[in-house]
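The values are calculated or read from the model by the stated rules, or taken from the named source; none is laboratory data. What you see is a predicted model; the values in this text were computed from it and never measured. Reconstructed Cβ throughout: ideal geometry from the backbone, glycine too, with neighbour counts over all protein chains shown.
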Amino acid sequence: MENIPTLRKTVNILGIEVPILKILQHSSTLIGGLIILLAIYKLPKMEIDTSKINLAYWRILIGLTLLIIVIRFMSGLEFREYGNVIVTGISAGLIGLILTPKLMKIVNTGGNKVYKQ
């Protein structure tokens, strides 16, 4: 922003002054998201067996995600800090995705290591 002074200027949108930097930031995020969705849409179609959904996996994942979000709010996160709330939700989900299989393995094996031969 210091090197490009134009980014500090604001634009009036529906009576609200919005910095050009914010418009560019959110526009690039939207465009990137659309490109990712297009790439996913173009992936080859495959038949997937959906009859064996493990509900325990999803319960643990959702529980961990919510637990992390609650801990974050209890440690001082304000709801009006919407940017931090969004980042907290995404981070909590990703941490949940990493920890859920580990927890399921511990629960299913009683904490013992399982070696496949």
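What to note about this one:
- Residue in the stretch 41-58 that is surrounded by 10 or more Cβ atoms within 10 Å (Cβ to Cβ) and of a type outside the set (A, V, I, L, M) present: yes
- Selection status of residue 86, within 27 Å of residue 107 (Cα to Cα) and not assigned by TED's automatic domain parsing to the domain that holds residue 9: no
- In the stretch 19-42, the residues that are without any contact (Cβ under 8 Å) to a residue 60 or more places away in the chain form Cβ pairs under 6 Å with partners that are assigned to a helix (DSSP H, G or I), at six or more places apart or across chains, as follows: 20/7; 21/7.
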